[in-house]
Amino acid sequence: MSAAMDTESTYSGYSHYSGHSKKAHRQGRDRHKSPRSKDGSRSEKSVTIQTPPAEPLLGNDASRAEEGQDDNWGETTTAITGTSEHSISQEDIARISKDLEDSVGLDCKRYLGLTVAAVLGLLVFLTPIAFILLPQILWRDDLEPCGTVCEGLFISVAFKLLILLIGTWALFFRQPKADLPRVFVFRALLLVLIFLFVFSYWLFYGVRILDSKDTNYQGIVQYAVSLVDALLFIHYLAIVLLELRQLQPMFTVKVVRSTDGESRYYSLGHLSIQRAALVVLENYYRDFTVYNPALLTASKSRAAKHMAGLKVYNVDGPGNNASGQSRAMIAAAARRRDSSHNELYYEEADHERRVRKRRARLVVAVEEAFTHIKRLQAEEQQKAPGEMMDPREAAQAIFPSMARALQKYLRTTRQQQYHSMESILQHLSFCITNNMTPKAFLERYLNPGPTLQYDRDRWFSKQWTLVSEEAVTSSLQDDVVFVLKCLDFSLVVNVKKIPFIKLSEEFIDPKSHKFVLRLQSETSV
């Protein structure tokens with residue numbers, strides 16, 4: 001099925017509200033049923049394995065197909081949809097298996113780190129308890145009696161371990177947000193420090209207490225308390241290194257999207273390059289407008305049209321090289337530059353005029369549709385129970401009156417691939433439920449929002465690639481540049497250090513604010 005038919009099938013649901021004739025509906029229904037009548041059981045259960053596309057997810061073919069259609073396509077077109085089956089080669093199977101192996105490797109690396117941290121944390125919490133219980137189990141009869149001070153230390157150890165447990169859970173046991181290419185250096189150093197610290201305590205405990213069977217039980221408990229106190233200080237060190245150190249802004253990063261040049265500025269603290277890249281991606285999904293490749297096809301098609309109108313003739317014979325032809329084409333294109341800017345100006349003016357026209361029609365249609373809905377009060381619900389509708393039914397009732405205007409506006413602004421009929425109905429039902437105005441309903445469609453506003457399957461990139469000349473574990477420095485690549489575009493990040501600011505103070509005496517009136521002969525005073 002061609003790209004144009006895929007684009008039409010996205011809005012095939014709108015055809016029921018656009019004023020089709022009965023004959024068109026009957027023909028479209030028969031065409032929908034015809035594929036299923038041949039192999040209905042297999043068409044519903046078939047599984048299609050498709051390799052990742054080499055071109056952008058929202059390809060340019062669909063956009064070019066849309067440009068060749070008139071604005072009244074919804075009134076004269078019947079969309080045909082159906083299931084399609086694709087064959088795959090051995091290379092495709094090998095590529096799919098490689099992707100599966102890479103994903104399994106990432107999961108193993110993630111769970112291995114969590115397992116090591118969990119085992120080390122369990123060892124840390126059981127060590128003070130073992131220090132206290134082992135003498136009671138091995139040589140209980142030889143121990144000195146535990147007095148009041150010793151019993152008070154039991155309470156101290158219990159509460160300190162509880163505080164350490166809560167702090168460790170809050171700082172370390174959090175769901176990971178991303179898989180980084182390298183280990184987090186400070187976290188690894190803390191794990192190594194904790195291991196060496198606990199190992200040294202066990203070594204001293206085995207040599208001085210277990211071998212000699214020390215009978216001073218209060219001293220043994222005091223030794224366990226010192227271990228818990230040291231663990232609390234290490235936890236404080238972890239908070240400083242992992243959380244507080246990066247809070248103070250030290251760098252300003254400029255993030256530029258490579259396709260359309262949209263940019264944002266962010267302030268970052270002392271972070272490694274890979275963690276700075278993670279912060280940039282988190283802010284990208286929130287601040288940048290959704291990437292729409294359909295908006296870039298107009299300039300490309302205009303440039304291709306200009307170059308297609310140029311013809312180069314080789315008058316010197318086949319022996320001449322291709323560099324002369326390229327120079328001739330560039331010179332001819334330069335001579336036509338004066339006329340191309342007029343074409344661009346009138347194209348943009350015509351597009352803006354059509355957008356304003358479709359926007360006005362959409363606003364009027366939505367406002368008229370919302371006037372047909374009235375929220376019933378509690379006493380009114382008992383009077384007319386047969387006329388009541390839930391928000392979903394109300395949205396389905398008023399949607400046909402605005403469907404055509406909304407469809408044409410989304411096609412004019414090239415946003416139709418991001419809004420399906422089901423998502424629009426859900427948003428309309430949400431607005432009706434929360435008693436929102438027509439302006440609040442239209443805000444999503446009139447102003448392109450951030451990436452997170454749209455359906456996750458239409459924008460989410462599963463994997464990003466970090467490209468950097470410096471090591472990704474190294475800290476941010478002035479003039480460092482790294483690139484985040486995904487399938488459709490890339491984000492270029494340029495790091496600048498915040499300059500040192502020197503402020504000076506100047507005192508002004510309030511009594512020095514004295515003025516005189518200077519009169520001149522030319523004035524009328």
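Quick notes
- S87 vs. criteria over 30 Å from V228 (Cβ atoms), modelled with pLDDT under 75 and surrounded by 10 or more Cβ atoms within 10 Å (Cβ to Cβ): no
- Members of the stretch 163-189 that are in a helix (DSSP H, G or I), under 29 Å from V467 (Cα atoms) and open to solvent by 100 Å² or more (accessible area, probe 1.4 Å): L189
- Residues (of a type in the set (D, E, K, R), farther than 27 Å from L120 by Cβ and in contact (Cβ under 8 Å) with a residue 40 or more places away in the chain) located in the stretch 215-273: K254, R257
- Whether a residue is more than 30 Å from L244 (Cα to Cα) and small (G, A, S) was assessed, and G206 passes this test.
- The stretch 153-167 residues that are assigned by the TED database to the domain that holds Q222, paired with ones that are surrounded by fewer than 17 Cβ atoms within 10 Å (Cβ to Cβ) and polar (S, T, N, Q) (beta carbon under 7 Å, 6 or more apart): L153/Q222
- The residues on offer are L519, L503, L452, and the sole one that is more than 30 Å from D390 (Cβ to Cβ), of a type in the set (A, V, I, L, M), surrounded by fewer than 16 Cβ atoms within 10 Å (Cβ to Cβ) and at pLDDT below 90 is L519.
- Summed over the stretch 253-296, the residues that are within 22 Å of Q417 (Cα to Cα) and open to solvent by less than 10 Å² (accessible area, probe 1.4 Å) give a count of 5.
- For the stretch 379-397, the set of residues classified as over 16 Å from N435 (Cβ atoms) and modelled with pLDDT of 85 or more consists of E393, Q396, A397, listed by residue number.
- Filter result for the condition that a residue is out of contact with any Lys or Arg (no Cβ under 8 Å at 6 or more places or on another chain), assigned to a helix (DSSP H, G or I) and open to solvent by 40 Å² or more (accessible area, probe 1.4 Å), over L231, L193, L227: L193
- Test: R140 is among the basic types (K, R), over 49 Å from the mean Cα position of the chain (by Cα) and in a helix (DSSP H, G or I): no
- Residue match in the stretch 157-165 (condition: over 21 Å from I239 (Cβ atoms) and touching a Ser or Thr at 6+ places or on another chain (Cβ under 8 Å)): no
- Inside the stretch 196-220, residues that are assigned to a helix (DSSP H, G or I), of a type in the set (V, I, T) and open to solvent by less than 80 Å² (accessible area, probe 1.4 Å) make up a count of 3.
- In the stretch 175-205, of all residues being modelled with pLDDT under 90 and small (G, A, S), the one that is nearest to L484 (Cα to Cα) corresponds to A178.
- When residues in the stretch 392-443 are screened for being closer than 21 Å to N292 by Cα and open to solvent by 60 Å² or more (accessible area, probe 1.4 Å), 2 of them pass.
- Which numbered condition G269 misses (of (1) outside the structural domain of F186 (by the TED database); (2) of a type outside the set (D, E, K, R); (3) farther than 19 Å from K496 by Cα): (3)
- Test: residue in the stretch 322-342 that is modelled with pLDDT under 55 and either exposed (fewer than 14 other Cβ atoms within 10 Å of the Cβ) or more than 30 Å from K496 (Cβ to Cβ) (or both): yes
The values are calculated or read from the model by the stated rules, or taken from the named source; none is laboratory data. Just so it is clear, the model here is predicted, and its values are computed rather than measured. Cβ atoms come from the backbone with ideal geometry, glycine included; neighbour counts cover every protein chain shown. These accessible areas exclude ligands, DNA and RNA; they are computed on the full protein's heavy atoms, side chains included. Shrake-Rupley method; radii C 1.70, N 1.55, O 1.52, S 1.80 Å.
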